[in-house]
Amino acid sequence: MRFPSKHAVTFAAVLLAVIAAIVLYQRYASRPWTRDGQVRANIVGIAPRVAGPIIQIPITDNQPVKKGDLLFEIDPATFQAAVNDASAKLQQAEAARLQAEQNLSRQTELYKTNVVGQQDYQNAQDQYYGAAADVAAAQAQLQTAQLNLSYTKVFAPVDGYLTNVNTSPGTYVNAGEQLLALVDASSFWVAAYFKETEISSVQPGNPARITLMGHAGRSFSGVVESTGWAIFISDGSTVELIPQVAQTIDWVRLPQRFPVRLKITGQPPVPLRIGQTVSVVILPAAK
């Protein structure tokens, strides 16, 4: 029995290696893959709309909350006093308007019978319109005071997870100053970074398989939503109106990576957290 020559064995091995390389390249070209991906989500900054000391904060760090849950309450005493004051001023304005309305009614009858002159009648009209305007202004002030009172209780605007809660009752907060961070539970998505040589194979609508680090074999589905149009460029920055271009080594040119946004359509094996590392495989679009 004759065995193949060494040259034939070598040739066969090289041929198999070439075929394997071609198959792998075609698979890589049709199914771009990256381990450079992260879980992202929108973070809602919680800031009060009025200033004052916190009297209660019935939440804890990393607590899940539902939309409408109370996050904290600011001392309402000052704002309740403002409501009471605005309500009293509205009553005074309404009483003044009623008095002006009654006076206008009398002046109208007297003017029709020529008992009073046109000037007295017009003065009564002006007083009534002024009193009506005062009522409208008082109503607006009361509405503002009531809104400010309602703003002393801050509620969760969305379902989500509180993070980095470092506040206690007694803390004085300012209007517009972000106090808490709330991760929107409905906004999770994946940012995967692909080389510029692969971007042409990544199109909106392409299905994808997403795998969390530490959960190999438990991938879930996603779909490409969009690809980023820009990344930060360190070279070419302008210094005193002249572009500054750093030197590069011609024989070492690394491809840039662009972010690809993926919508999560499947069920992850574990609850998602911002910053989790993921691997992403882009699949060909269904025909």
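Calculate, for E225 and N174, the FRET efficiency according to 1/(1 + (r/R0)^6) with r their C-beta to C-beta distance and R0 51 Å; round to the nearest 0.05. My answer for the efficiency is 0.85. Candidates P64, P53, V39 compared by Cα position along the dipole of the range 30-98: farthest toward the positive end lies V39, with charges placed on Cβ.
Counting only Cα atoms, the size of the range 65-203 along its three principal axes is 93, 48, 22 Å, in decreasing order.
Each label was represented as a point 7 Å from its Cα along the Cα-to-Cβ direction; for N164 and S105 these points are 6.4 nm apart. Of the Cα atoms belonging to the range 128-232, the radius of gyration and Dmax stand at 25.0, 79 Å.
Shape annotation for the range 45-99: C-alpha extents along the principal axes are 59, 22, 17 Å, from largest to smallest.
The convex hull built on the alpha-carbon positions of the range 27-70 has an orientation-averaged projected area of 6.3 nm².
Stretching D184 away from D85 to a fully extended chain increases their span by 31.7 nm, per 0.36 nm per residue minus the current alpha-carbon distance.
Each value in this text was obtained by applying a stated rule to the coordinates, not by laboratory testing. This one's a predicted model, so the numbers in the text were calculated from it and none came from an experiment. Methodologically, a virtual Cβ is constructed for each residue, glycine included, from the backbone with ideal geometry; neighbour enumeration extends over all protein chains shown.
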